[in-house]
1. Give the stretch 74-124 a look and list any residue that's under 14 Å from VAL63 (Cα atoms), in a loop (DSSP other than H, G, I, E, B) and among the aliphatic types (A, V, I, L, M), or say none.
2. Go over the candidates PRO260, PRO264 one by one and state the one that is of a type outside the set (A, V, I, L, M, F, W, C) and modelled with pLDDT under 95.
3. Of all the residues that make up the stretch 87-126, how many are within 20 Å of the chain's Cα centre (by Cα) and of a type in the set (D, E, K, R)?
4. For the stretch 93-107, which positions are at pLDDT 90 or above and either at negative phi or of a type in the set (Phe, Trp, Tyr) (or both)?
5. So the check is Cβ under 7 Å with 6+ separation or different chains; which pairs have a first residue in the stretch 247-272 that's within 24 Å of THR58 (Cα to Cα) and a second one that's among the acidic types (Asp, Glu) and surrounded by fewer than 18 Cβ atoms within 10 Å (Cβ to Cβ)?
6. Can you tell me which of (1) buried (at least 18 other Cβ atoms within 10 Å of the Cβ); (2) under 16 Å from GLY42 (Cα atoms); (3) not small (Gly, Ala, Ser) is the one THR58 doesn't meet?
7. Could you give every pair whose Cβ atoms fall below 8 Å, whose first residue belongs to the stretch 176-196 and is polar (S, T, N, Q), and whose second residue is at pLDDT 80 or above, counting only separations of at least 6 or pairs across chains?
8. So LYS88 clears everything in (1) under 30 Å from VAL201 (Cα atoms); (2) basic (Lys, Arg); (3) touching a strand residue (DSSP E or B) at 6+ places or on another chain (Cβ under 8 Å); (4) surrounded by fewer than 20 Cβ atoms within 10 Å (Cβ to Cβ) except one condition, right? Which one?
Amino acid sequence: MNSIYSFWHNLVSDKEILLKSKSLTSFPFDYSLFSYARSGRGFPNFSIKVNGEKSVFTGGEMVKIKNRNKYLIAPFKSSIPVGRIDIKDFLNYPPNQIIKRQMENAGDDVFSLEEREVYYLVRGRKGKAQKICLVHGSFFETISTKELIRQSFKQVLDENLERADIPSELRTRLDGVFSEQEGFSRVRNVDKASVKLRFRVMTEVKPEGNILNPNQYPVIKDNTLNLVVPYHSEDEKADTLQKVEFVIGGKAMKNINTFPLKHPFNGWFVVFQVNL
């Protein structure tokens with residue numbers, strides 16, 4: 001069945017190749033898992049095929065690759081990391097129509113799964129050592145994207161308007177205007193200007209969200225491959241364990257170190273760790 005667990009199994013099965021790959025995009029992924037795939041910039045790099053209603057696995061997860069020659073996560077350019085996306089909102093954005101067409105050509109019933117889980121395949125290097133994590137986007141999205149943008153621009157407004165005599169009602173309205181990412185990602189066309197202007201958001205991960213940070217997360221060891229999945233109850237954790245065991249196989253589970261990980265801002269995650 002197509003799922004993020006099958007994607008991770010692909011990585012585990014060819015971990016020797018993964019260890020030697022200079023770029024994650026050069027790894028021989030199992031492309032039969034994907035309804036959409038592209039290397040390079042842009043989100044996502046992969047979209048896993050959606051499964052039928054009777055499947056234990058929904059599929060449909062989206063994956064973005066982040067690679068850096070440090071134990072830092074490369075900045076997110078023109079996108080803000082999220083744990084889930086509404087597929088209708090995402091695909092109705094005009095530049096993403098090509099993604100929709102490729103998904104449909106691959107046989108996906110695109111809108112049958114409205115909410116898609118998002119994962120990031122991140123790798124960092126330090127000398128001859130490296131860490132690789134397939135981590136759920138909620139590890140980075142500890143507050144909503146809308147709230148992140150709103151509070152960030154509120155700081156700008158407060159810094160620049162603190163001495164101005166601006167009515168509180170107008171301040172509130174401005175606060176609302178600066179909360180939608182789409183408003184800044186559109187190209188702006190100004191009369192008599194020979195160029196167009198578009199603002200792009202660049203997101204950098206703080207130490208608390210950097211799963212590669214050895215001081216913050218020492219349990220993520222050098223030369224390991226990790227799957228990091230959130231859970232909100234013991235039942236949800238047990239369900240994830242069962243899904244991983246189903247895909248990986250009971251015998252192979254003895255080679256996987258499984259443990260809980262507490263995020264300082266966003267609750268608990270279960271980690272499946274394999275030595276590279």
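1. Selection gives ILE80, VAL82.
2. PRO264
3. Matching residues across the stretch 87-126 total 9.
4. Passing the criteria: ASN96, GLN97, ILE98, ILE99, LYS100, ARG101, GLN102, MET103, GLU104, ASN105, ALA106.
5. MET253/GLU245
6. Against the list (1) buried (at least 18 other Cβ atoms within 10 Å of the Cβ); (2) under 16 Å from GLY42 (Cα atoms); (3) not small (Gly, Ala, Ser), THR58 comes up short only on (2).
7. GLN181/ILE80
8. Looking at each condition in turn, LYS88 falls short on (3).
The values are calculated or read from the model by the stated rules, or taken from the named source; none is laboratory data. Bear in mind that the values here come from a model prediction, so they are computed numbers and not experimental data. Because the Cβ atoms are built from the backbone with ideal geometry, glycine has one as well, and the counts that use them run over all protein chains shown.
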